[in-house]
Amino acid sequence: MSTPTGLLLVNLGTPDSPKPADVRRYLREFLSDPRVIDVNPVLRFIFLNFIILPFRPKKSGEAYEKVWTERGSPLLFHGLDLTEKVRARLNGVPVELGMRYGKPSIADALRRLIDRGADRIVVFPMFPQYSSAATGSALEVVYHEAGKLWNTPTLDVVPPFFDHAAYIDACARVASRTIEGSGAEVVLFSFHGLPERQCIKSDPTGNHCFKSESCCDALVDANRWCYRAQCLATARALADRLGLPAEKRIVCFQSRLGRTPWIRPYTDEIIIDLAKRGVKRAAILSPAFVADCLETLEELGIRAAASFREHGGEELRVVPAVNAEDFWADGVVAIAREAAGRGL
């Protein structure tokens with residue numbers, strides 16, 4: 001007897017609305033996660049309740065307001081559209097979307113899969129590169145919620161797909177639409193940042209990460225969990241696929257928070273430096289995100305583009321995420337089937 005299989009797509013999450021109260025609720029859940037702010041619990045409590053929550057919800061709400069649509073949060077509706085397309089391609093296999101923070105929750109998504117008869121669930125974290133703050137946190141909740149069920153389903157997890165041909169090809173197809181004919185002198189690969197300490201903690205040997213400038217130039221056993229190493233691997237594969245020579249591409253990291261060292265170089269500083277050096281036209285993409293969200297639409301598409309112009313640049317073109325493109329839906333199915341084997 002074959003075991004009925006379901007597919008759970010997992011992403012980070014979004015506030016219910018741009019209103020400060022909804023943003024505050026989301027930020028409280030997100031930043032209370034010890035995998036996100038991995039410091040002493042007392043320090044995390046102080047940072048969250050006395051520095052972030054009194055001021056950040058209003059500012060973040062204004063940013064969300066700029067990218068909110070009639071369908072709501074872009075991250076959510078792109079995820080739902082992708083879920084529908086994957087469901088159609090899998091022809092009868094139950095497919096659900098669950099968010100680590102906010103709605104639809106992972107617990108509700110698991111329950112819907114169980115109600116559809118799934119005894120085995122393939123979990124697909126929609127984070128191309130592994131980080132404890134995203135992938136690790138999402139999987140922790142999946143395991144916890146599945147473990148609460150009396151009949152605990154079998155779980156199979158899709159590994160990080162940072163250099164999988166299906167993802168690289170999908171990114172390249174989207175990027176080429178924006179880059180070709182743009183006159184871009186430089187193409188930036190901007191990934192979401194992480195504190196350096198989180199990369200160091202991912203090194204099982206304790207003597208590789210940040211021990212040399214070339215520590216992430218190749219994937220080896222010591223950096224197999226390293227977010228930065230996987231980001232650089234994505235950028236190399238995608239740049240090669242796009243035919244971008246080394247002198248025309250820059251890898252950088254955005255969205256830093258707090259004063260501790262984060263992975264460098266910083267996107268906002270690179271953009272200003274390029275404009276001041278006389279670069280007039282550039283393109284930027286963020287292959288850390290499979291769906292457009294606040295970080296791509298507002299941080300890059302609005303603030304970064306404005307900063308580029310303010311410092312002498314003319315146009316910073318932002319490449320969309322793969323979102324719910326048909327060829328990305330095909331890619332999701334291919335990656336999931338490759339990881340899951342039987343049943344999909």
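When the alpha carbon gyration tensor of the stretch 143-207 is reduced to an equivalent ellipsoid, its three semi-axes come out at 36, 22, 11 angstrom, largest first.
Stokes-Einstein diffusion of the stretch 228-318 at 37 °C, 0.692 mPa s viscosity, Kirkwood radius from Cα pairs, rounded to a whole number: 237 µm²/s. Computed from Cα atoms, the angle from the helix 267-276 axis to the main principal axis of the chain rounds to 30 degrees. Taking every alpha-carbon pair under 8 Å whose residues sit at least 6 apart, the stretch 1-78 reaches a relative contact order of 38 percent. Surface composition of the chain: carbon and sulfur atoms hold 53% of the protein heavy-atom accessible area at a 1.4 Å probe. Its Cα centre serving as origin, the stretch 188-317 has a Cβ charge dipole (Lys and Arg +1, Asp and Glu -1) of approximately 140 debye. Once the chymotrypsin sites (Phe, Trp or Tyr not before Pro) in DSSP loops with at most 11 neighbouring Cβ atoms within 10 Å are cut out of the chain, the longest remaining piece is 151-344.
Taking the square roots of five times each eigenvalue of the Cα gyration tensor of the stretch 22-68, the equivalent ellipsoid has semi-axes of 22, 11, 7 Å, listed largest first.
Given the Cα atoms of the stretch 1-131, and with Rh set as the inverse mean 1/r over their pairs in the Kirkwood sense, what is Rg to Rh to two decimals? Reported Rg/Rh, Kirkwood definition of Rh: 1.05. Surface analysis of the stretch 201-257 yields an accessible area of 52 Å² per residue, using protein heavy atoms and a 1.4 Å probe. So what's the gap between the Cα centers of the stretch 282-344 and the stretch 89-155, to the nearest angstrom? So the two Cα centres are separated by 23 Å.
For the stretch 224-263, give the magnitude of the charge dipole about the Cα centre (Cβ charges: +1 Lys/Arg, -1 Asp/Glu; no others), in debye to the nearest 20. That gives a dipole near 140 debye. Output the relative contact order of the chain, whole-number percent, from Cα pairs under 8 angstrom with separation of 6+ residues. That works out to 22 percent. Here, the chain has an Rg and a Dmax of 20.0, 66 Å when only alpha carbons are counted. Note on the stretch 99-163: with charges restricted to the Cβ of Lys and Arg (+1) and Asp and Glu (-1), its dipole about the Cα centre is near 220 debye.
Rg and Dmax over the alpha-carbon atoms of the stretch 154-285 stand at 15.9, 56 Å.
The values are calculated or read from the model by the stated rules, or taken from the named source; none is laboratory data. Given the structure is predicted, the values throughout are model-derived calculations rather than measurements. Neighbour counts are summed over all protein chains in view; Cβ atoms, including those assigned to glycine, are modelled from backbone coordinates with ideal geometry. Remember, those area values only see protein heavy atoms, side chains included, never the ligands or the DNA or RNA. Shrake-Rupley method; radii C 1.70, N 1.55, O 1.52, S 1.80 Å.
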